[in-house]
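Structure first, commentary second.
The values are calculated or read from the model by the stated rules, or taken from the named source; none is laboratory data. On a predicted model such as this, the values are computed, not experimentally measured, just so you know. FYI the Cβ positions are ideal-geometry reconstructions off the backbone, even for glycines, and counts take in every protein chain you see. Each accessible area value is taken on the protein alone, full model and side chains, heavy atoms only, with ligands, DNA and RNA left out. Shrake-Rupley method; radii C 1.70, N 1.55, O 1.52, S 1.80 Å.
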Amino acid sequence: MANGTAITESGTELVPARPGEERGTPTGWIQDLVYTVDHKKLGMLYVGTGLFFFVLAGIMALLIRAQLAFPNGHVTSPQEFNSLITMHGTVMIFWVAMPIVFGMINYLVPLMIGARDMAFPRLNAFSFWLTFFSGFFLFFSFVAGPGLYGASGAPDAGWFAIAPLTSQAFSKGPSIDYWSLSVLISGIGSVTGGINIMVTIICYRTKGMTLHRMPLFVWLALVTMFLVVVYLPPLSAAQIMLTLERHLGAKFFDPQAGGSAILWQHFFWIFGHPEVYILVLPAFATISEIVPVFSRKPIFGYPMMVAATVLIGFISAGVWAHHMFTVGLNSFGVTFFAMATLAIAVPTGLKMFNWLATMYGGKIRLELPMIFCIAFLFQFLIAGLTGVMLGVAPFDWQLNDSYFVIAHFHYVIVGGILYGIFGFLYYWYPKAFGRMLNKRLGLWHFWLFTIGFHLTFDPQHFAGILGMPRRIYTYQPGRGWELWNLISTIGALFQAAGAICLVLNLLWSARKGKIAGDDPWDAWTLEWSTTSPPPEYNFETPPEVRSRRPLWDLKHPEDPDWKFE
Amino acid sequence: MFRRAFLLLTAAVPGTVGAQSADQVRSVQNIFTPVGAPAELLNQTAILVLLICLGIFLVVGGLLLYAVVRYRRRTTDDDTTEPPQVYGSTAIELAWTVPPILIVVVLALATARTVGEIQNPKFTGDPLQVRIVGHRFWWEVHYPKYNIVTANEIHVPVSYLSAPRPVEMTLASADVVHGFWVPELNGKEWLVPDRENKWWIQPTSLGIYLGNCTVLCGYQHANMLIRVVVESPEDFDAWATRQQRPPNPDPGTEAGQKDFGANSCGSCHTIDGTTYSGIFGPNLTHFMSRQTLGSGVAPNDDANLKSWLRDPQELKPGCLMPDMKLGPKQVDEIMAYLKTLN
């Protein structure tokens, strides 16, 4: 590839022999991607895989919205609808958000800490390919699922697959097995990836980069990966239990045989809630890098930001049962989990205030990455507040299982996490491809997607307040839900148009975009000190850092950061 | 304050909200127009939380807007200099964690109080006991003290302030997890196969309240609808008396009764006073007293009933009642028989 040639021409001793060339085998770009153990290429593969599945799961979302646009819709059958919602949720979480998060961290962490690669490059490739193939394995259920009488194609028990709906008695055929096993495989990939990243951060930092000089992004990546390593295994355990139950006669979740129907939910949500933080912390991490650079100020209160993140990581372990306020927990249980849930608002609020304080007194450059971050802050504020409403158990008894919850978590995942990912793409794409993303197309993307986002999800709050439950494939006219659903469907079309702008921009700019240069944003972290795209070995000589903003020190020798830390 | 006064007023005087009558269908439910004690308690907490969240939204949203507008770089700005580099202030940061902590404490206390009030109620008046069993995709309703078994429509007497009549529900499930939710009467509670959850309502005005199953339970989760019929105590007693009487089928419908047995309808459905005693489907003893078919999927009229008997999968695709391939004559005969079950 291009950077490979450049390295050879530069003729330095650091040029590694490329395995294909050495052995005289052809090195087309496909072999290059398949054989690679380079964290940057794997990072881009992760993000590319995520975007690919994002398009597929987005099309499912459009079908769901088409079915619900009007009462008594006939776009899908009930069975297809249940498959669509299950696949949409599962794919968006496990094969869109997770790969993109891993891709972001994979690409950036070694560059940010001044390392040449991950601690275990081949394990890194292994993690990626597990994620990649498990996604296709899940999609294969569309083909392999049906056949048995009454069996569906793709899994159709909802993305959190509440037992005992997933038992053989209620879900015939292999669709649930495809769901369970693909999630299990991707979980193994995530845990190995998480270990790899943690080891890299702890052991491979460049000279002078103490823990308290790591960029916030790396800190948040470390906490994220800790959560991955601790909370993915309960889910994997539950998937193994489910498979044992479905095929080997185990009775974990079968109430008639002495099992417990809510045991599954405990297992699922002790993974499921930290999962929200696994996804949102990398978005926080992105915001924590972009907001300072575009406000031209260091992050406000770095130690407190780190402490808040660690605190969020710990508290997130004790809140899972707020997904279960309506299963009939006793008053003590409900109150405990409500209080723990509300407590998370404190460190999260602190982060919000610190981002605002970073912007305060700065010179805010309204470039594309920053615009997405500002939208993130606004939307995440609303998502956090509806989260507080849901955390108050009595209010949750009304709102749980309704479209209000749908609106809330799409505000978190789309309005928050996805906007963080958009910010990430616009900010670091120039580093990865050496070319800027087109600004005009980016603005189209921003406005179409943001208008679409609000048209889609704002009305769903009201549908929920008017009693519309989630996961219904149809509704009768006269329940007061028609208008909200119609607006919601129109909004989905806007979002689709915005997403098309993004995809076009990503493809077009790779060839035709403006040349970026090494440091297009006048930024301060180490990745901007190497070339765009970086060479395979990242840094010619390992950099040495004396503060949290090494490039600031370089650019402002008269006023370096290290004097104040 | 106005809202609370309004709620107290509506609680005290039944029938003040619009012109209430027992057959008015309140199809548009709204969690902010609660009817009766539990929903009103939830609503009070909800309003408190909403107001606090609105306040936070205005303050933080305002700060964000201010920061973006005030500190955005202008074309007139000098690009060569950087703004003052401020690294943070532990004192300030600690200071602005205090308001969130206080708010969380207030919300936690409000939560604890309301949770206690809803989950451990002290009933005034003798609660009516109703046992509800969730099935895919319909509701089985028992009145143990009255010895009544019916389905999908829950009749309860209205609760007056002078004569409170709470309804205590026991929620159970025959198969998978379901959720019981009638927004104006109370929040939702799940029906879990290995549990017996307690829940209650205390409706203070007449009408028919619509609700839904809230937990995905299969293909017809969407058409697992609930109707709570709140009637005057006299109407409720009349309904109960009628339900307790076995049906008195017209001898002219004997052919239909035979068809019913010959096509094994009786293996799933019970009709008191006959040998049909299946428990897999809804009890049909007083079938004609119900307003809807298929757990609310369609009104219980001749055209729909005929369609349902011909092939239930047409009105409710994926429901567990199979197409029995009845001939037109059988359909007419069975229909004539069912129409005598009132």
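Observations on the model:
- The residue of region A:550-565 that is farthest from residue A:215 (Cα to Cα), among those that are within 9 Å of another protein chain (Cβ to nearest Cβ) and of a type in the set (D, E, K, R), is A:559.
- Scanning region B:273-311 for residues that are of a type in the set (Asp, Glu) and open to solvent by 70 Å² or more (accessible area, probe 1.4 Å) returns a single hit, B:302.
- Checked against (1) closer than 21 Å to residue A:413 by Cα; (2) within 14 Å of chain B (Cβ to nearest Cβ); (3) open to solvent by less than 10 Å² (accessible area, probe 1.4 Å), residue A:275 meets all criteria but (2).
- Restricted to helices (runs of 4 or more DSSP H) entirely inside region A:28-146, those with at least 2 residues that are surrounded by fewer than 22 Cβ atoms within 10 Å (Cβ to Cβ) are A:29-35, A:39-68, A:78-91, A:121-139, A:141-144.
- Tally, over region B:206-255, of residues that are touching a Phe, Trp or Tyr at 6+ places or on another chain (Cβ under 8 Å), closer than 14 Å to residue B:291 by Cβ and open to solvent by 10 Å² or more (accessible area, probe 1.4 Å): 2
Quick grid of which residues meet (1) in contact (Cβ under 8 Å) with a residue 40 or more places away in the chain; (2) among the small types (Gly, Ala, Ser); (3) more than 20 Å from residue A:511 (Cα to Cα); (4) surrounded by 24 or more Cβ atoms within 10 Å (Cβ to Cβ):
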| residue | (1), (2), (3), (4) |
| --- | --- |
| A:403 | yes, no, yes, yes |
| A:413 | yes, no, yes, no |
| A:416 | yes, yes, yes, yes |
| A:420 | yes, yes, yes, yes |
| A:430 | yes, no, no, yes |
| A:433 | yes, no, no, no |
| A:446 | yes, no, yes, no |
| A:449 | yes, no, yes, yes |
| A:454 | no, no, yes, no |
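- Pair list, Cβ < 9 Å and 6+ apart or interchain, from region A:372-393 residues that are part of a helix (DSSP H, G or I) to residues that are open to solvent by less than 10 Å² (accessible area, probe 1.4 Å) and charged (D, E, K, R): A:389/A:396; A:390/A:396
- Of everything in region A:434-490 that is within 23 Å of the chain's Cα centre (by Cα), among the aliphatic types (A, V, I, L, M) and part of a helix (DSSP H, G or I), the residue that is nearest to the other protein chains (Cβ to nearest Cβ) is A:443.
- When A:218, A:229, A:291, A:280 are screened for being within 14 Å of chain B (Cβ to nearest Cβ), modelled with pLDDT of 95 or more and in a helix (DSSP H, G or I), only A:291 passes.
- Of everything listed in (1) in a helix (DSSP H, G or I); (2) more than 10 Å from every other protein chain (Cβ to nearest Cβ); (3) more than 30 Å from residue A:108 (Cα to Cα), the single unmet condition for residue A:250 is (1).
- Number of the condition not met by residue A:227 [criteria: (1) under 18 Å from residue A:305 (Cβ atoms); (2) surrounded by fewer than 19 Cβ atoms within 10 Å (Cβ to Cβ); (3) aliphatic (A, V, I, L, M)]: (2)
- Residue B:186 touching a strand residue (DSSP E or B) at 6+ places or on another chain (Cβ under 9 Å), surrounded by fewer than 22 Cβ atoms within 10 Å (Cβ to Cβ) and facing chain A (nearest Cβ under 8 Å): no
- Residue list for region B:32-49, filter: farther than 13 Å from residue B:183 by Cα and more than 7 Å from every other protein chain (Cβ to nearest Cβ): B:44, B:47, B:48
- Tally of residues being open to solvent by 30 Å² or more (accessible area, probe 1.4 Å) and within 11 Å of chain B (Cβ to nearest Cβ) across region A:309-328: 1
- Test: residue A:361 is touching a residue at least 12 places away in the same chain (Cβ under 8 Å), closer than 30 Å to residue A:451 by Cα, at the interface with chain B (Cβ under 7 Å from one of its Cβ atoms) and open to solvent by 20 Å² or more (accessible area, probe 1.4 Å): yes
- Candidates A:561, A:553, A:519: the one that is among the charged types (D, E, K, R), open to solvent by 30 Å² or more (accessible area, probe 1.4 Å) and farther than 27 Å from residue B:226 by Cα is A:519.
- Residues located in region A:194-212, provided they are under 25 Å from the mean Cα position of the chain (by Cα) and open to solvent by less than 30 Å² (accessible area, probe 1.4 Å): A:194, A:196, A:197, A:200, A:201
- Any pair with Cβ under 6 angstrom, 6 or more apart, that starts in region A:338-356 at a residue that is within 9 Å of chain B (Cβ to nearest Cβ) and ends at one that is part of a helix (DSSP H, G or I) and of a type in the set (S, T, N, Q): A:338/B:111
- Candidates are the residues of region A:511-527 that are outside any loop (DSSP other than H, G, I, E, B) and touching a Lys or Arg at 6+ places or on another chain (Cβ under 7 Å); the one that is farthest from residue A:213 (Cα to Cα) is A:515.
- Complete set of residues in region B:288-342 that are within 17 Å of residue B:253 (Cα to Cα), part of a helix (DSSP H, G or I) and in contact with a Ser or Thr (Cβ under 8 Å, 6 or more places away or on another chain): B:288, B:333, B:336, B:337
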